[in-house]
Amino acid sequence: MTRLTIKQRAQAIIMIERDFASREIAVKIVNKNIEVSADTVCRILTRNGLVSRVKHKKPLLFKKYQIKWLNFAKRFKNWTISNWSKVVWSDESKFQIFGLDEHQYCWKKLGELLKNTHVKPTVKIDGGLDAELYCQILDEDLMETLQYYELNVSDIVFQQDNDLKHTAILTKQWFDDNNVEIFSWPPQSPDLNLIEYL
């Protein structure tokens, strides 16, 4: 096997910045008539201060969402335990439908901030739930849960994400008719939902 030149090593590092896996880099270099293994590519990247890490599985955060997240954090930074205890958290479930639930890896420098290339985007699926069915669930489950725990609707704030069925006119009307206050929630932020960590 031929040793890689400094230029080829630099190309490997540039490809990492563009989110190529070490195997893909090895293939691209081999296509230039140089035989190299994925292990060699890994060693070069490691020597240059890069480490292999599992990609975080999160929705991609575009700049407009980052601004909304920051505003959300500033708005609620002084909330007390008493404030947060009034929030009724909605839940989300994990379903593995597309592909395998296996890890994807990325290369990054130690201590480097999370970039979009370090993220494995989530897949959104329309599961057949519409605003009408969602309102029925709110009637049957939310209201009965509040009654079971002897909570008055005027003492709570309901958290939900910004899914279309949650923000539909019919759903907004249901919340108005039932005097349920909605907790302002930034888009693309499932990992802010505290119930996910309980």
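The values are calculated or read from the model by the stated rules, or taken from the named source; none is laboratory data. It should be emphasised that the depicted structure is a prediction, and the values quoted were computed from it without experimental measurement. When we count neighbours, we look across all protein chains shown, and the Cβ atoms used for this are built from the backbone with ideal geometry, even at glycine.
Evaluate region 114-125: report whether one residue or more is more than 21 Å from residue 186 (Cα to Cα), outside the structural domain of residue 180 (by TED's automatic domain parsing), surrounded by 12 or more Cβ atoms within 10 Å (Cβ to Cβ) and at pLDDT 65 or above.
Looking for residues that are more than 21 Å from residue 186 (Cα to Cα), outside the structural domain of residue 180 (by TED's automatic domain parsing), surrounded by 12 or more Cβ atoms within 10 Å (Cβ to Cβ) and at pLDDT 65 or above, one finds at least one in region 114-125, hence yes.
Taking the residues in region 49-86 that are at pLDDT below 90 and among the β-branched types (Val, Ile, Thr) as candidates, determine which candidate is farthest from residue 152 (Cα to Cα).
Applying the filter and picking the extreme gives 51.
Which one is modelled with the highest pLDDT among residues in region 144-185 that are of a type in the set (D, E, K, R) and not in a helix (DSSP H, G or I)?
181
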